[in-house]
Amino acid sequence: MNLHHLRLALHELRNFPAIRKAIEETKDTQAPVTFSGWFIQKVLGVNREAYWPTHFTSKVGCVHNILAGIQTAPGSSPGCYIQGLGKIYIGDYTMIAANVGIISANHDVHDHRRHSPGEVRLGRYCWIGMNSSILPGTNLGDFTVVGAGAVVNKPFSEGYCVIAGNPAKVIRTLDPAECVAYRDEHEYYGYVRAADFPAFRSRHLAI
């Protein structure tokens with residue numbers, strides 16, 4: 001650990017009283033803050049830039065281009081790859097399973113050294129199944145369920161559906177009247193309280 005990283009680690013340790021409150025208030029949510037996860041991420045520096053909990057086996061890049069909603073933590077499950085070279089918008093209360101790839105920019109087919117940035121939008125209350133791939137140009141409406149192993153490369157902006165396959169297609173529609181838009185008592189954007197997030201976003205994000 002070099003001097004710069006040591007200073008960052010000490011800064012995070014000084015902020016622990018605020019994190020202790022987040023640990024208590026998010027413990028029963030789908031994206032809980034835990035001491036061990038926080039320590040590995042923020043003190044040891046694995047995915048330190050992410051403002052939400054991540055697993056140490058996941059890789060998150062270009063965090064400034066990723067807007068992760070309330071109680072949404074892309075990469076908190078093991079083995080995920082979240083690439084924000086383009087823009088990624090993820091709605092509130094969306095769940096992302098293990099080994100999911102969310103890619104917002106592809107290599108240029110004529111020059112693999114270059115990327116062609118795109119955009120990914122995932123709605124609220126979506127469920128992204130294990131081993132699925134979300135590619136540039138994806139736009140999922142609210143309450144979209146992505147089946148395990150699916151490859152999604154186009155919009156399903158109407159939402160309220162289950163999609164699966166390669167390439168993904170609708171295999172079931174959902175009745176909006178039966179879909180529950182729940183809210184947690186204490187709302188956090190990862191480690192950041194909802195009330196504090198607009199100021200955080202203005203300072204740290206480009207999205």
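Just a few scattered comments:
- Hits in segment 173-205 (condition: hydrophobic (A, V, I, L, M, F, W, C) and in a loop (DSSP other than H, G, I, E, B)): Leu174, Cys179, Val180, Ala181, Leu205
- In the set Val100, Val63, only one residue is among the β-branched types (Val, Ile, Thr) and more than 23 Å from Arg193 (Cβ to Cβ); that residue is Val100.
- Just one of the listed residues (Leu140, Leu85) is touching a Phe, Trp or Tyr at 6+ places or on another chain (Cβ under 7 Å) and not hydroxyl-bearing (Ser, Thr, Tyr), namely Leu140.
- Near pairs, Cβ below 6 angstrom, 6+ apart or cross-chain, from segment 108-127 (closer than 30 Å to Cys179 by Cβ) to any residue that is open to solvent by 70 Å² or more (accessible area, probe 1.4 Å): Trp127/Met95
- Here the condition is being of a type in the set (S, T, N, Q), surrounded by 20 or more Cβ atoms within 10 Å (Cβ to Cβ) and at pLDDT 95 or above; of Thr144, Thr173, it holds for Thr144 alone.
- Residue ID - surrounded by the fewest Cβ atoms within 10 Å (Cβ to Cβ), chosen from residues in segment 176-207 that are of a type in the set (Asp, Glu) and within 20 Å of the chain's Cα centre (by Cα): Asp196
- Single condition Lys59 does not satisfy, out of (1) without any contact (Cβ under 8 Å) to a residue 60 or more places away in the chain; (2) closer than 20 Å to Leu205 by Cα; (3) touching a helix residue (DSSP H, G or I) at 6+ places or on another chain (Cβ under 9 Å): (3)
- Scan of segment 126-141 for residues that are closer than 18 Å to Ile70 by Cβ and surrounded by fewer than 20 Cβ atoms within 10 Å (Cβ to Cβ), ordered by number: Trp127, Gly141
- Filter result for the condition that a residue is modelled with pLDDT under 95 and among the basic types (Lys, Arg), over Lys42, Lys87, Lys59: Lys42
The values are calculated or read from the model by the stated rules, or taken from the named source; none is laboratory data. None of the values given here were measured: they were computed from a predicted structure. In this analysis, Cβ positions are derived from the backbone assuming ideal geometry, glycine residues included, and neighbour counts consider all displayed protein chains. Protein only, heavy atoms only, side chains kept; ligands, DNA and RNA dropped before computing areas. Shrake-Rupley method; radii C 1.70, N 1.55, O 1.52, S 1.80 Å.
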